[in-house]
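Undergrad: Below: one structure in structure tokens.
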Amino acid sequence: THVDSCAFHLLASMCVMNRCRCQQTASRWIIVTALLLLAYNGLAEVAASSTTAPVSSSITQTAIADTAAPVEGSGGGGNPIVALAGYVKDSFVKMKDGTVELYTNHQKCNDIRSKQRSYAKLHNIKGRDAIAKAGGISYKEFDFLQKGKEDRGKLTNIVFMMFAAPNFLPYAIWIFPNMLPSPFCPTDGGGGVVPETVIQRISRERTHAVVQTMLDIERSVHVAPAMSKLNPFGKKATSRAMARLDNMGRIASSILTTNQATGSDGADLVLDVLENEIYTVEEPKKRDTALTTIPKPIIKGLSKCIEGQSSSPFELNFMVRGKVLNHLKKITDGDDFLVNGKVNLDELDSDLLSEACSTRLIGGPNRSDEENRVSLTRWLEQTSIRPSVKTMGGGLHYNGNLARTALMCYHVVDGARDDRSSSYLPRLLFQGQYQAPPPVVDEAEEVVRRRGLFRRSKRRKISKEN
């Protein structure tokens, strides 16, 4: 089971740590580090797979009955020594392949940066940020460079924690499985009985996050935070925050119930409602660009949707908000590259196009390339092209973080309402059974029928006419 596997990985990691304290030579450190990464690799695999529950939109009653039946030999039988040896071998192979892939990706990133520097030198472009945005590479290379930057940051954090907080590192990987670089993360949808792809898992987790966020917003309107009761002087501020959240909820409900408010047309409606907050005469303050004015339930739900899996309950508010801001920075850089580089979206392959839309929380499974291409084109028009035209004269300032946050919130809700979403049970709660409406009956005739006098009165009426 997942619990037994996690206990085994934690025990192995702690044993390695205790061994590491007693032996300090360089050769032993290398062995200890390899064993430590081996245990962490298996621990992260179990933690990532345990967060994905098997759900598929095509499940039928027969399929559920079939999967519920016990499988012979699946109760942990067999030779435990052979199973342990196979597990150790697989873990070593995964660690070796992940390390080789990580180094290969690093070399490829260096080649891409050299192409950028050559292009910048040819066009006399100076400055680190200017060179990074200068161009000279394809969008596929730019996307690969962004992933390499994330992996490099994650690897730096792990190496730092191995020396600064080694006792906490196993628990950190168990609690935060996304802290590992991408070559060490599982690429399948999950380890459940019912198979699902990565995009199906992400769609399901995002739908769950949308439903949970709506419940949190509604609860926060009526129930004050527990910590606010400890401050006797903050009742008015808490009341104002609850009233503001109620107003936001009602505005969102009016947008979602508007006719034809789906897809990119609904996104235009959201931007029209928030136009006075997105475009301001004065330059946006730091609290506005840092999204500190957005309620915590929305930021927390958006963070879950960005990760595409259940978040850890141990994350603090500033960590969640920082994660959202880093994702917005990544999206902004991608938008600038696509617009300034005049990238032809028709040349992007299906995987790259789907990934670009998923990064912006657009769409879900079973979408065609044409749908993704249209949605991405409208997104670039709404977040980059149109704002540059409006602010060209210098009279208005544009809050890109707020605009992109609002659009991501809308698109993830729109994707959850889509019939192609992988999470089908929440939709059944509202859709139910579609039945034909009852026939229209006169009120007086209905009363007579209920009393059992309808036929008698009709006979009397016919006899009088005769």
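The values are calculated or read from the model by the stated rules, or taken from the named source; none is laboratory data. Quantities reported herein were computed from a predicted structural model and do not represent experimental measurements. As a convention, Cβ positions derive from the backbone with ideal geometry for all residues, glycine included, and neighbour counts pool all protein chains shown. Note: accessible area is taken over every heavy atom of the protein model, side chains too, but ligands, DNA and RNA are not part of it. Shrake-Rupley method; radii C 1.70, N 1.55, O 1.52, S 1.80 Å.
Undergrad: Kindly state, to the nearest 0.05, the FRET efficiency for S368 paired with F318, given R0 = 30 Å and r defined as their beta-carbon distance.
TA: After rounding to 0.05, the efficiency reads 0.15.
Undergrad: For segment 247-389, would you read off the P(r) tail past 20 Å as a percentage of all alpha carbon pairs?
TA: More than 20 Å apart: 57 percent of the Cα pairs in segment 247-389.
Undergrad: In what order, largest first, do R417, R321 sit by accessible area if the probe radius is 1.4 Å?
TA: Heavy-atom accessible area, descending, gives R417, R321.
Undergrad: Just subtract the alpha-carbon distance of I125 and A226 from 0.36 nm times their residue separation and send over the number in nm, one decimal.
TA: Here the answer is 31.0 nm.
Undergrad: Quantify, in whole percent, the carbon and sulfur part of the accessible surface of segment 197-431 (1.4 Å probe; protein heavy atoms only).
TA: Carbon and sulfur: 56 percent of the exposed surface of segment 197-431.
Undergrad: Something else: Which FRET efficiency, nearest 0.05, do L84 and E150 yield, Cβ-Cβ r, R0 30 Å?
TA: 0.35
Undergrad: Taking a 1.4 Å probe, which of E282, E275 shows the most accessible area, and what order do the others take after it?
TA: Descending accessible area places them as E282, E275.
Undergrad: Mind grabbing the accessible area of L325 for me, 1.4 Å probe, Å², rounded to tens?
TA: Surface open to solvent at L325 totals about 50 Å².
Undergrad: To continue, here is another question. How high is the FRET efficiency from Q260 to Y424, r the C-beta distance, R0 30 Å, rounded to 0.05?
TA: Computed FRET efficiency for Q260 and Y424: 0.80.
Undergrad: Moving on. Just to verify a number: what accessible area does R244 come out at with the full protein assembly present, 1.4 Å probe, Å² rounded to tens?
TA: 120
Undergrad: For the pair A165 and N344, how long in nm is the line joining their label points, each one 7 Å along Cα→Cβ?
TA: So the label points at A165 and N344 sit 5.0 nm apart.
Undergrad: In addition: Whenever you get a sec, compute what percent of the accessible area on segment 86-185 sits on carbon and sulfur atoms (1.4 Å probe).
TA: Ligands and nucleic acids excluded, carbon and sulfur give 61 percent.
Undergrad: Please say if segment 77-221 is rounded, prolate or oblate, where rounded means a/c under 1.5 for a ≥ b ≥ c the square roots of the C-alpha gyration tensor eigenvalues, and otherwise the choice is prolate for a/b larger than b/c and oblate otherwise?
TA: oblate
Undergrad: Run down the lysines and flag those whose C-alpha is under 29 Å from the C-alpha of K89, throwing out any fewer than 8 positions away in its chain.
TA: K108, K147, K154
Undergrad: Let me ask another. Counting only other residues whose beta carbon sits under 9 Å from that of S421, what net charge do I get with K and R as +1, D and E as -1?
TA: After counting each charged neighbour, the total is +3.
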